[in-house]
Amino acid sequence: MDLRFKIVLLLIASLAAACKNNSSSSREATQATRQKDEPSVAGPTNVKTVAPEYRTRATALQTNGKIQFNEERLVRVNAPLTGRVVEVLAGPGDAVEPGHRLIVLDSPDLGSAKSDYAKAVSDLDRSEKALNLARDLFEVKAISEREIRDAENDYRKAAAEKERAASRLLALGVSQAQLKDVANRADATTKMVVRAPRGGVIVERNVTAGQVVSFGQSDTPTNLFVIADLNTMWVLADVYEPDVPKVRLGQVITITPPCCPEERFDGKLTYISDSVDPQTRTVKVRAVVPNRGRMLKAEMFVRATMNTGSSKVLAIPQSAVHVEESQTFVLVEKAKNNYERRPVKIGRDLDGAVEILEGITAQDRIVSAGSILLKNSGK
């Protein structure tokens with residue numbers, strides 16, 4: 001009997017100990033859960049709160065654009081006369097100044113023009129002598145008044161022909177100083193040098209040595225050279241019909257090339273088309289943009305942004321915004337030392353602040369510093 005009684009007492013003691021341990025563990029778990037659900041308390045010296053404030057944000061219109069050479073600072077060099085190219089003196093990429101030698105051309109037309117000028121000078125000299133003789137004879141009544149008028153008319157025709165022949169040579173690149181040698185028939189060469197009419201960079205060359213080039217045989221003659229000033233470029237962009245009232249001449253446009261997203265090129269709108277493209281329903285606009293470092297290339301696609309005004313938006317410091325498990329939230333002060341986690345939708349960055357699209361109002365107080373102390377704030 002005593003042995004059985006002792007066994008029963010041991011069983012009762014073991015069951016009591018187990019129940020006590022389970023009760024203690026349950027109380028600890030309940031306490032931990034309660035601490036997790038309740039917001040932590042942090043002293044006011046550790047946590048700082050701010051009120052959202054309205055800031056002015058510039059509004060912008062974004063579209064796609066394409067870079068082109070500035071046509072107002074572009075020159076196309078055509079053949080001044082028909083002839084054969086003897087030598088090519090410049091190529092694509094060369095920076096040239098006005099008067100730079102481009103090609104040497106051998107043209108029979110140049111020889112003909114020089115011959116015409118020499119003949120015109122000779123005819124003018126003969127007409128001048130004939131006029132002087134006619135005036136002397138008229139003074140002594142040896143000829144009639146009609147004959148002296150004819151002599152004066154011949155002299156004026158010869159002078160006009162000389163000017164025409166000289167102008168043609170000057171247009172072909174013959175200098176004023178060379179005209180004297182041409183008149184004396186000391187310069188009868190048929191070779192001429194075609195020079196750059198304007199400075200810039202050669203961006204296109206369509207001529208080779210030995211090639212025969214023609215003058216005046218087509219309404220669209222072949223460009224021997226295209227010389228562009230690359231200090232500025234044109235940007236052509238499309239603006240959809242609803243956005244047309246937002247653009248105006250002189251408006252600032254910012255260009256972002258795809259190769260360098262961090263680079264910005266600012267220019268101004270100089271042209272807005274007066275017609276709408278019937279296919280795309282867009283209006284063409286054009287801007288002149290300084291080509292810093294020659295980074296902008298013709299036919300390059302770019303992103304164009306035009307400032308269209310400003311608007312007021314609600315903003316808070318960036319330090320007040322938290323992201324956890326793909327959820328963006330802020331900590332809102334509900335009462336003293338009582339904070340609530342509230343999801344928000346953010347917009348653009350605003351120089352150290354961030355735009356708030358929804359989730360809070362200007363009347364809320366937001367934790368801007370010390371939020372690390374509120375790890376277990378309410379959800």
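The values are calculated or read from the model by the stated rules, or taken from the named source; none is laboratory data. Keep in mind that what you see is a predicted model, and the values were worked out from it rather than measured. Because the Cβ atoms are built from the backbone with ideal geometry, glycine has one as well, and the counts that use them run over all protein chains shown.
What to note about this one:
- Looking across segment 329-347, the residues that are out of contact with any Lys or Arg (no Cβ under 7 Å at 6 or more places or on another chain) and of a type outside the set (Gly, Ala, Ser) come down to 334, 336, 337, 338, 339, 342, 343, 344, 345, 346.
Conditions (1) in contact (Cβ under 8 Å) with a residue 12 or more places away in the chain; (2) outside any helix (DSSP H, G or I); (3) farther than 30 Å from residue 214 by Cα; (4) assigned by TED's automatic domain parsing to the domain that holds residue 204, marked per residue:
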site	(1), (2), (3), (4)
90	yes, yes, no, yes
120	yes, no, no, no
123	yes, no, yes, no
143	no, yes, yes, no
170	no, no, no, no
178	no, no, no, no
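- Meets criteria (in a helix (DSSP H, G or I) and surrounded by 14 or more Cβ atoms within 10 Å (Cβ to Cβ)) for residue 148: yes
- Counted residues, segment 286-319 - those being more than 18 Å from the chain's Cα centre (by Cα), over 15 Å from residue 57 (Cβ atoms) and assigned to a strand (DSSP E or B): 1
- Unmet requirement for residue 186, which otherwise passes all of (1) surrounded by 14 or more Cβ atoms within 10 Å (Cβ to Cβ); (2) more than 45 Å from the chain's Cα centre (by Cα); (3) outside any helix (DSSP H, G or I): (1)
- Any hit, segment 124-131, residues being within 30 Å of residue 81 (Cα to Cα) and either surrounded by 13 or more Cβ atoms within 10 Å (Cβ to Cβ) or at pLDDT 95 or above (or both): yes
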